[in-house]
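S.K.: Below you'll find the structure I mean.
The values are calculated or read from the model by the stated rules, or taken from the named source; none is laboratory data. Because the structure is predicted, anything quoted here is derived from the model rather than measured. All Cβ positions, glycine included, derive from the backbone under ideal geometry; neighbour counts span all protein chains shown.
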Amino acid sequence: MLEFPTINPVLVALGPLQIRWYGLMYVIGFSAAYQLVVYQAKKFGWNRMLEQIDNLNLTLIIGIILGGRLGYVFFYNPAYYLAHPLEIPATWSGGMSFHGGCLGALLAGFLYCRRNELNFWQAADLFVVTVPIGLFFGRLGNFINGELYGRITNVPWGMIFPDGGPLPRHPSQLYEAILEGFVLFLLLWTLKAKPWKRPDSPFWQHGSMLALFLTFYGFFRFLVEFAREPDPQIGLIFLGLSMGQMLCLLMICGGIALWFWRKPTQMKTASPKPRRLRHKR
């Protein structure tokens, strides 16, 4: 059994102003992801996208926050919030859903791209390969806060979390940081250079990276959920699966469907000039 590290969740306190590790992790994650988005857009010469990145990024953040909160309300605790609707906006009290945030970001991104005449699938592929960076730092923030811990276990690396009772539990936040963050980023960053994604290839299949993200994230999260403590107000709901696993199955199905639905976009190439026939005399 390992000891849970004693880390003060408050990094710096200046009177009433506090800088917490949890918030800092998200700032680092969003900043790193933003820089990689700009790097890709410059590399591919997408000047139109570069002009819109700041506004699109802000729109996606708003979509993540709204979708994450509403996802938690409707997926994980609908009965409580239907009885207490005034608490729905109280994000500071905790309760965000990744799957809801994902839906919120996709909807916000789609509406923004449609309004500003951007290619949604191109933008989605550009942003989605950087999402695991935010997930990695976000899960580290969960670990520092001692929240979203795993189920009771007897594995040698089990930890006793401050709010998790006297028995050791899986550090499932670290499992997620590794699989959904580090491994998923390496996987997507490598696959984005494959022939179906090269700008100089004869066909450019928009939506490839989004499809892969949905599929692999859903798969990794589904596995980790076996070690993660289910939400107490729901527990295990069907065939011993948690709500998170049910949502991941839908996510995997959506990613696979998108992979087979996406259509190659023929890149414009100069048509060869017709050859003049010469008659032999």
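S.K.: Exactly one condition in (1) at pLDDT 90 or above; (2) surrounded by 12 or more Cβ atoms within 10 Å (Cβ to Cβ); (3) hydroxyl-bearing (Ser, Thr, Tyr) is false for TYR39; which is it?
M.R.: Status for TYR39: all satisfied but (2).
S.K.: Moving on to the next point. Only residues that are in a helix (DSSP H, G or I) and β-branched (Val, Ile, Thr): list them for region 207-252, please.
M.R.: So the first thing to find is which residues in region 207-252 are in a helix (DSSP H, G or I), and the list is 208-224, 243-252.
Residues satisfying the conditions are THR215, VAL224, ILE252.
Rundown of residues vs (1) at pLDDT below 90; (2) surrounded by 17 or more Cβ atoms within 10 Å (Cβ to Cβ); (3) at positive phi; (4) acidic (Asp, Glu), yes/no style:
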residue: LEU179; (1), (2), (3), (4): no, yes, no, no
residue: LEU214; (1), (2), (3), (4): no, yes, no, no
residue: TYR217; (1), (2), (3), (4): no, yes, no, no
residue: LEU223; (1), (2), (3), (4): no, no, no, no
residue: ARG228; (1), (2), (3), (4): no, yes, no, no
residue: PHE238; (1), (2), (3), (4): yes, no, no, no
residue: MET251; (1), (2), (3), (4): no, yes, no, no
residue: LYS263; (1), (2), (3), (4): yes, no, no, no
residue: SER271; (1), (2), (3), (4): yes, no, no, no
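S.K.: Limited to region 45-76, what total is found for residues that are surrounded by fewer than 20 Cβ atoms within 10 Å (Cβ to Cβ) and over 20 Å from THR91 (Cβ atoms)?
M.R.: Selection size over region 45-76: 10.
S.K.: For region 104-113, check the following and say yes or no: at least one residue is surrounded by fewer than 23 Cβ atoms within 10 Å (Cβ to Cβ) and not in a helix (DSSP H, G or I).
M.R.: No, there is no match, as no residue in region 104-113 is surrounded by fewer than 23 Cβ atoms within 10 Å (Cβ to Cβ) and not in a helix (DSSP H, G or I).
S.K.: Residue check, GLY138 against (1) out of contact with any Phe, Trp or Tyr (no Cβ under 7 Å at 6 or more places or on another chain); (2) part of a helix (DSSP H, G or I); (3) at pLDDT below 95, all met but one. Which one?
M.R.: Of the numbered conditions (1) out of contact with any Phe, Trp or Tyr (no Cβ under 7 Å at 6 or more places or on another chain); (2) part of a helix (DSSP H, G or I); (3) at pLDDT below 95, the odd one out for GLY138 is (1).
S.K.: Still on this structure: Could you check how many residues of region 87-114 are at pLDDT 90 or above and not small (Gly, Ala, Ser)?
M.R.: 11
S.K.: Could you identify the single residue in ILE144, ILE133 that is more than 28 Å from GLY240 (Cα to Cα), buried (at least 21 other Cβ atoms within 10 Å of the Cβ) and touching a residue at least 60 places away in the same chain (Cβ under 8 Å)?
M.R.: Details: ILE144 fails: buried (at least 21 other Cβ atoms within 10 Å of the Cβ).
Step by step, each of ILE144, ILE133 is checked, and only ILE133 is more than 28 Å from GLY240 (Cα to Cα), buried (at least 21 other Cβ atoms within 10 Å of the Cβ) and touching a residue at least 60 places away in the same chain (Cβ under 8 Å).
S.K.: Name the single residue that is farthest from GLY218 (Cα to Cα) among those in region 151-197 being of a type in the set (Ser, Thr, Tyr) and outside any loop (DSSP other than H, G, I, E, B).
M.R.: So in region 151-197, the residues of a type in the set (Ser, Thr, Tyr) come out as 153, 172, 175, 190.
Now drop any that are not outside any loop (DSSP other than H, G, I, E, B), which leaves 172, 175, 190.
Numbers: SER172: 16, TYR175: 14, THR190: 19 Å.
Among them, the one singled out is THR190.
S.K.: Can I ask one more? What number of residues within region 13-25 are over 15 Å from PRO162 (Cβ atoms) and either polar (S, T, N, Q) or modelled with pLDDT under 85 (or both)? Lay out the reasoning, then the answer.
M.R.: Just the residues of region 13-25 that are over 15 Å from PRO162 (Cβ atoms), to begin with: 13-20, 23-25.
From the residues that got through so far, the ones that are either polar (S, T, N, Q) or modelled with pLDDT under 85 (or both) too are 13-20, 23.
Selection size over region 13-25: 9.
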